[in-house]
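Worksheet: one structure, shown below.
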Amino acid sequence: MPRMECTIRTMHRHEVAMAVEWAAREGWNPGLHDATCFHAADPDGFLVAECGGEPVGCISAVSYAGRFGFIGLYIVLPAWRGRGIGLRLWTAGMKRLSGQVVGLDGVPAQQDNYRKSGFALAWNNVRLAGTAGAATPGADGPIVPLADIDFAALCADDRRVFPAPRDAFLRCWTAMPDATGLAWLADGKLAGWGLIRRCREGHKIGPLLADSPKIASALYAALCAAVPAGDTVYLDVPLPNDSAVALAQAQGLRSVFETARMYAGPAPACELQRVYGITSFELG
């Protein structure tokens with residue numbers, strides 16, 4: 001076939017939904033409303049490869065405050081693989097994040113390829129699945145709707161586990177439709193919070209942050225109670241957090257797949273012991 005001209009450009013806002021749809025076809029089970037919030041994180045952070053005017057691949061290279069970047073949604077349509085399009089997307093995405101520490105959550109089998117671009121393993125995550133209604137009830141406590149929490153306090157709490165401000169993303173994420181956000185207040189101060197959102201299949205909890213295992217367990221149970229009984233619930237757990245692994249085991253969750261959290265540049269500080277559920281494998 002004749003060689004087709006391929007170009008890479010920034011996605012328009014409506015095209016981010018196309019990338020999320022491709023992610024669904026890959027079996028990544030994105031949320032129903034992820035595209036809007038992803039775009040809010042960095043409107044210029046989504047790239048599409050076009051060949052002959054046809055979209056054939058994508059990558060997200062989202063920058064937070066110009067100092068921390070995250071790679072995700074790295075997809076080439078099956079019929080177009082093996083033609084160097086993926087490498088061109090990767091190069092363009094990394095160029096956009098030049099000079100920043102860059103993170104990603106990739107499949108462990110691709111670690112060697114990412115190492116060639118300067119990435120080093122920080123830890124492994126596991127996606128776990130359970131059933132709503134099967135959760136062991138957590139301890140009673142001061143759980144309130146997430147909307148009751150001062151937004152500045154929420155952003156400050158997120159900074160304990162994420163290396164840069166992402167206020168625009170959080171404002172969208174915590175207000176998305178088909179989602180429930182809950183928080184735990186201890187003496188009037190935020191000590192944990194989480195959100196469960198509708199996905200293509202079931203629901204995902206993310207993030208789930210807590211100052212103690214008791215708080216995490218209570219929030220997990222309350223979030224599961226907010227969705228239809230019997231529905232599948234997913235939780236993305238960082239394996240170095242023993243308390244998060246113990247919570248998953250206590251709830252009878254089963255492993256679905258793993259990812260490798262890797263960084264190019266110094267690994268950012270993160271209070272990983274507070275992370276019982278990662279916000280998103282696509283954006284960190």
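When Leu190, Leu185, Leu209 are checked against the criterion of being assigned to a strand (DSSP E or B) and more than 26 Å from Leu128 (Cβ to Cβ), Leu185 stands alone in meeting it. Scanning the range 163-176 for residues that are in contact with a strand residue (DSSP E or B) (Cβ under 8 Å, 6 or more places away or on another chain) and either surrounded by fewer than 18 Cβ atoms within 10 Å (Cβ to Cβ) or not in a helix (DSSP H, G or I) (or both) turns up Pro163, Ala164, Pro165, Arg166, Thr174, Met176.
With respect to Val48, is the statement that it is farther than 27 Å from Ala269 by Cα, aliphatic (A, V, I, L, M) and out of contact with any strand residue (DSSP E or B) (no Cβ under 6 Å at 6 or more places or on another chain) true? Criteria not met by Val48. Within the range 25-60, the set of residues being crowded, with 22+ Cβ neighbours inside 10 Å, free of Cβ contacts under 8 Å to residues at least 40 places away in the same chain and part of a strand (DSSP E or B) comprises Phe46, Gly57, Ile59. Is the range 247-264 home to any residue that is touching an Asp or Glu at 6+ places or on another chain (Cβ under 9 Å), modelled with pLDDT of 95 or more, closer than 21 Å to Cys37 by Cα and surrounded by fewer than 23 Cβ atoms within 10 Å (Cβ to Cβ)? For the range 247-264, residues touching an Asp or Glu at 6+ places or on another chain (Cβ under 9 Å), modelled with pLDDT of 95 or more, closer than 21 Å to Cys37 by Cα and surrounded by fewer than 23 Cβ atoms within 10 Å (Cβ to Cβ): absent.
Screening the range 62-152 for strands (runs of 3 or more DSSP E) wholly inside it with 2 or more residues that are of a type outside the set (A, V, I, L, M, F, W, C) returns the ranges 68-76, 101-106, 119-131. Scanning the range 79-113 for residues that are under 30 Å from Ala248 (Cβ atoms), modelled with pLDDT of 95 or more and surrounded by fewer than 20 Cβ atoms within 10 Å (Cβ to Cβ) yields a total of 1.
The values are calculated or read from the model by the stated rules, or taken from the named source; none is laboratory data. These numbers were taken from a predicted model, which means no experiment stands behind them. Positions of Cβ are backbone-derived with ideal geometry, glycine not excepted, and every protein chain shown enters the neighbour counts.
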